[in-house]
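This report concerns only the one structure given below.
Just so you know, all these numbers are worked out from the coordinates, no wet-lab data involved. Computed from a predicted structure; not experimentally measured. Using ideal geometry, Cβ is built from the backbone for each residue, glycine included, and neighbour counts are taken over all protein chains shown.
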Amino acid sequence: MVARVVPVDPFDLVVFGATGDLARRKLIPALYHRMHDGQMPEDARIVGVARAQLDAEGYRRMAEAALDEFGGEDARDAEMRRKFLATIDYVPLDVMEEAGWSRLKDALPTACGDRPRAFYLSVAPRFFGPIAEGVHAAGLTDANSRIVIEKPLGHDLASAAALNGVFAGHFSEHQIFRIDHYLGKETVQNLMALRFANAFFEPLWNARHIDHVQITVAEKVGVEGRGPYYDGIGAMRDMVQNHLLQLLCLVAMEPPSQFEPDAVRDEKLKVLRALAPLTRLEDVVRGQYAAGPGMPSYVEDANAPTSRTETFIALKAEVANWRWAGVPFYLRTGKRMKSRVSEVAVVFKSAPHSIFPAASGRAAQNVLALRLQPDEAITLGMTIKEPGPGGMRLAPAVLDMTFADTLGASNMRMPDAYERLVMDVIRGDQTLFMRGDEVEAAWAWVDAITARVDGERPELYEPGSAGPDDALMLMHRDGRRWRELAQ
Ligand code: NDP
Ligand code: BG6
């Protein structure tokens, strides 16, 4: 299968924090792949900014090293590399000091003209305000410019609102691109295609037919070197407030009238505002990974011996509206778990009456599962007759649409989420980006929970497990169980 690409217009992209981890691991490779696939034009201009005293050639060498490490097979194309690196310039600048901004001005024409100009803030949030102010004061912005920001978008409602205020001072909402990289993942976009491009799901997509929804984002890795960022933040703020709630929104939202940014985001916002306050403390389970054979505990990883930060959280949420009344949404996410699995599973109610004798066995509930990673797939768990003689014996079977097999995509490289998102920034398409009011609504719901559970001691769990035992109880109490985390 050959992916079709629509080239974008020439653009300017200024990457603040160009020497950092995100820029080297994700942004540079993403841009390269877009040029390799014919989407990014050769007269695009990428300007890296950081304090490191490099010249353009020095930074290009750093970008090349990033391609070697993170660019995969496509990055070996010498001619393409040459063309790509030719689009890159670099400006050493400490954004906290006034002096360097004139160098950035020199590297860019003052007016954007017809070229979209994006400022990508791949830096710590304390620099967001000074950069928004700096590019504005340097006269580098106009109606065709946009600003891209990364999580963390605040750590609670008040800080998120303050951050929204900082950007609102210099940019209109349609110029602000808040990245949640989960929205750029292939299967996440597929959730919308599945729901709204197929007629037969919609009549079943409600509390009459759906028993519950499970959203899991399990990681095998621990916090690695990210302790200073992670400690005091934890899984609720790092993962649930953004990625898991965005997935929940896409499952629960009403069909937007068009696939258009505000139509989609209005519907997601309604879901966030319909989340029932979580009143029962037993509906939240917090865990922290303990040490295992050859593996340090979280408190060792984070070098925070008395930390009560959770590295795992499971909770039961409810969307209080007509469509979803009484349907629990079970969310769980954790680090150092048994396997790396991210999936959304929609579990349907059992058939209302069984016509088969007990000896036939029981029909399993139908489960529509969207696997985000690894091996992007959509599967539908069904019950069929076991093949062969021996009477009517019911057996589970799975309709499996693993993308690599079914779409002839086994040789196709799955684009990273950042490839789609960066090109959408250039196109000015905000559909897969969070609006300021969405971010605030998500924090409002999360704040009410963290206010009650922060500071409580999290339950320790074994590394390589499915999380703390209480997380299993969260579902067992309701007569349900989590889906297995495959190895
Ligand atoms: P790093 O610490 O690796 O990089 C920070 C960058 O900022 C460096 O290029 C640094 O270069 C530059 N910088 C620091 N101070 C200044 C300054 N005063 N003026 C100009 N540049 C400066 O961070 P990451 O790349 O990991 O993360 C960047 C942002 O993206 C953070 O907000 C992070 O939370 C977010 N993020 C990161 C993800 C990731 O995968 N890494 C994922 C999701 C979000 P120098 O020291 O040379 O100035
Ligand atoms: C980031 C979190 O947003 O998402 C990390 O800050 C987490 O803690 C990461 O590891 C997971 O992303 P992915 O794409 O690897 O599932």
Taking amide hydrogens as modeled 1.01 Å from N in the peptide plane, which residues meet the under 5 Å criterion relative to K151, leaving out close sequence neighbours? I179
If you rank M62, M392 by fewest surrounding Cβ atoms within 10 Å, what's the result? M392, M62
Between the helical axis of 417-427 and the dominant principal axis of the chain, each derived from Cα atoms, what acute angle in degrees is found, rounded to the nearest 10? 50
Quick check on the chain: helices-only [θ] at 222 nm, where DSSP H runs of length 4 and up contribute -39,500 (n - 2.57) each and the sum goes over total residues. Nearest 500, please. -8500 deg cm²/dmol
Just for the chain, what percent of DSSP beta bridges are antiparallel, to the closest 5? 55
For S145, the residues 5 or more places away or on another chain with a placed amide H closer than 5 Å to its own amide H are R117
Give me the angle, in degrees from 0 to 90, between the Cα long axis of helix 186-197 and the longest principal axis of the Cα atoms of the chain, rounded to the nearest 10. 60
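Work out the length of the dipole vector of the stretch 302-436 about its Cα centre, built from +1 on the beta-carbon of each Lys and Arg and -1 on the beta-carbon of each Asp and Glu, and round it to the nearest 20 debye.
Dipole about the Cα centre, nearest 20: 500 debye.
Rounded to the nearest 20 debye, what is the charge dipole size of the chain about its Cα centre when +1 sits on each Lys and Arg Cβ and -1 on each Asp and Glu Cβ?
Charge dipole of the chain: 1200 debye, to the nearest 20.
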Distant-in-sequence amide H partners of V15 (H built 1.01 Å from N, under 5 Å): V47, G48, V49, Y120
Rounded to whole angstrom, the alpha-carbon centroid of the stretch 350-395 lies from that of the stretch 176-229 at a distance of 24
Helix 56-70 versus the longest principal axis of the chain: what angle, 0 to 90°, nearest 10, using Cα atoms? 20
Once phi is turned into ³J(HN,Hα) by the Karplus curve 6.51 cos²θ - 1.76 cosθ + 1.60 with θ = phi - 60°, what whole-Hz value does each residue of the stretch 204-212 show in order, with x for glycine and proline? 9, 8, 6, 5, 5, 10, 9, 7, 6
Most positive-pole-ward Cα, V5, Q53, V95, against dipole of the stretch 3-107 from beta carbon charges: V5
Would you compute, for the Cα atoms of the chain, the largest minus smallest coordinate along each principal axis and list the three values in descending order, in whole Å? 80, 52, 48
Work out from phi, with θ = phi - 60° and the Karplus expression 6.51 cos²θ - 1.76 cosθ + 1.60, the ³J(HN,Hα) of each residue of the stretch 33-41, listed in order in whole Hz, and give x for Gly and Pro. 4, 5, 6, 4, 8, x, 9, 9, x
To the nearest 20 Debye, how big is the dipole of the stretch 154-225 about its Cα centre, given +1 on the beta carbon of each Lys and Arg and -1 on that of each Asp and Glu? 160
Taking R146, R226 and counting other C-beta atoms within 10 Å, the order from fewest to most: R226, R146
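Return D238, D266 ranked ascending by Cβ neighbour count within 10 Å, so the fewest neighbours appear first.
By the 10 Å Cβ count, ascending, the order reads D266, D238.
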